[in-house]
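To start, the structure itself, in structure tokens.
The values are calculated or read from the model by the stated rules, or taken from the named source; none is laboratory data. Owing to the predicted nature of the structure, the values given are computational and were not obtained by experimental measurement. Ideal geometry is used to build each Cβ from the backbone, glycine not excepted, and the neighbour counts take in all protein chains shown.
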Amino acid sequence: MVQQVAKESVGTKGNHKRTTIFTYTHTKRTDIEEDIRSLQLDSAEENNGVVNPGDARPEEVEVVDKMEEDSEEVQAVSQPVHPEPKVKHKEVSAVEDAESQQETEGNNKRHLNVVFIGHVDAGKSTTGGQILFLSGQVDDRTIQKYEKEAKDKSRESWYMAYIMDTNEEERIKGKTVEVGRAHFETETTRFTILDAPGHKSYVPNMISGASQADIGVLVISARKGEFETGFEKGGQTREHVMLAKTLGVTKLLLVVNKMDDHTVNWSKERYDEIESKMTPFLKASGYNVKKDVQFLPISGLMGLNMKTRVDKSLCPWWNGPCLFEALDRIEITPRDPNGPFRMPIIDKFKDMGTVVMGKVESGSVREGDSLLVMPNKAQVKVLAIYCDDNRVRHAGPGENLRIRLSGIEEEDILSGFVLSSVAKPVAAVTEFIAQLQILELLDNAIFTAGYKAVLHIHAVVEECEIVELLHQIDLKTKKPMKKKVLFVKNGAIVVCRIQVNNSICTEKFADFAQLGRFTLRTEGKTVAVGKVTELPTGYYVVDKDMECGYLFSILSLYHKTFTDGLLGEQPTWGIL
Ligand code: GTP
Ligand code: MG
């Protein structure tokens, strides 16, 4: 009995998303290929919605009675691995019937996506694997098998991580490459774990994982020297926190891991040191530490302070919750199930029709619905909806779904397209205005009109160019500066006009935060974070043949007061 772990990655060699990126940006293929290559290791084959713990939301996911399904579709449910997966979905083994039934029942619970982030080797996969073990989804026999396999590869201590790291390459190197996806439940909540890679070469995959998450578990190693390396400039602890905040992960559980290590030995001093160093940094990143962050000590390897509280004889000073309790208690802002439907497509494949995968960012979907695939404005019909491995009739915001569509071919869909309401389709634009926080430009370059970077916005990865700097924001007064701005440097906040070659789906941050926040990356480094503040003004017309509204963009016409009230109280770059 083993939990299924699906793997996914962005832009890795031979994989669909990489192909997609190139197709989507065909006019600048060479440039983007270079950019993307620099984001990857070539060797790699490779909100927010609250919901109180007790709130069951049966209306958001309606499970289809298994008896009602025809045999073909039942087969589709039990075979989630499609014949030629472009984004890899590795199944450790088939889930047994009894488990499927449990999951079906679990659909009445609230659902949260949790991304595990943090510096390389902090213990993300080990902790994720331990969660699956402790929640009864991996049996002792499998653990023994992994222990042997890990020993054969001279990676004895990695056996728990093998539950999440299912690729041979990941197991040999002891490093996660692709985001591992798995599910577990507590009494009140169904969780989807997204185990992100920590290595800096795989940041695009981490971005993809974090962009699907509601909450984050930031894993910090307490082992002597390891916390320091992760936290120093250039370490992934910093980059991941900043990216998580940018990508809409509003709540963080900061787990101080490896408390069992002999250099730590459940020391309160070490725990306090890490908490006191992380706190100002998290604040500077835009997190309200009191409200949005919770610290707790664990040992992912030993499974301590995870499902049950750590024994007082081991850690007498800890009076807080264990990890499962803390996860259970996290509250996030309720999403609107009645908003216009928006589901960014992260993957697609052929399976008795065209199946698209993604997380619902707004609204709800029901079997039989007519929707649009944007930006190519293709009208489609929803044939079936799958949530985890269950077919459901109806699903609400926050759910990770696979949706079978009619009316479109798989090859006409690219990742980053958005499945969208017909009446209020998502905006599709080649230009927008955004407020950017410049983080660290390569070689202290200056940021000016003509600057090119790779834009990551929900599932879109697209080359972009800054075509005009409109004005700089005064960091003290938080007001637009009067002086004309020609260039800015590290740390500046600037409002600018950005162009992309191909139409992309986006929204104003103020309307749909998840579709309006982005990062700019150059040569594998995140150089800026931003939010879309203005889109070209547009209007809807009804196309009588299709009975739907289209958004027609009129570039160059913008609402004027685009910077008013945009800055929050964040002291440094936490503009989102
Ligand atoms: P990447 O995916 O490469 O970013 O690493 P990761 O954060 O997933 O780390 P992983 O789980 O692969 O663990 C890295 C190493 O740390 C392995 O040797 C683990 O056994 C060890 N480790 C993880 N958690 C603990 C812990 O709680 N205690 C001790 N002592 N070692 C741990
Ligand atoms: Mg890992």
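Descriptive notes on the structure:
- Test: residue in the range 416-438 that is buried (at least 19 other Cβ atoms within 10 Å of the Cβ), of a type in the set (S, T, Y) and outside any strand (DSSP E or B): yes
- Under the condition of being under 29 Å from the mean Cα position of the chain (by Cα) and at pLDDT 90 or above, the residues counted in the range 439-458 number 9.
- Residue in the range 309-323 that is within 21 Å of the chain's Cα centre (by Cα) and away from ligand 2 (no atom under 16 Å from the Cβ) present: yes
- Number of residues in the range 249-263 that are in contact with a Ser or Thr (Cβ under 9 Å, 6 or more places away or on another chain), assigned to a loop (DSSP other than H, G, I, E, B) and at pLDDT 95 or above equals 4.
- Cβ pairs under 7 Å, 6+ apart, first in the range 122-141 and in a helix (DSSP H, G or I), second near ligand 1 (Cβ under 8 Å from one of its atoms) and of a type in the set (D, E): K124/D195; S125/D165; S125/D195; G128/D195
- Residue check, V241 closer than 30 Å to P397 by Cα, touching a Phe, Trp or Tyr at 6+ places or on another chain (Cβ under 9 Å) and not in a helix (DSSP H, G or I): no
- Considering the range 190-206, the residues that are in contact with a Leu (Cβ under 6 Å, 6 or more places away or on another chain) and away from ligand 2 (no atom under 14 Å from the Cβ) include one that is nearest to A122 (Cα to Cα), namely P204.
- Within the range 353-401, being surrounded by fewer than 23 Cβ atoms within 10 Å (Cβ to Cβ), modelled with pLDDT of 95 or more and touching a Cys at 6+ places or on another chain (Cβ under 8 Å) holds for S370, Q379.
- Residue match in the range 263-274 (condition: of a type in the set (V, I, T), within 16 Å of ligand 1 (Cβ to nearest atom) and under 25 Å from E440 (Cα atoms)): yes
- Here P204 fulfils each of the conditions (1) away from ligand 1 (no atom under 16 Å from the Cβ); (2) of a type outside the set (A, V, I, L, M, F, W, C); (3) at pLDDT below 90; (4) farther than 24 Å from L132 by Cα apart from (1).
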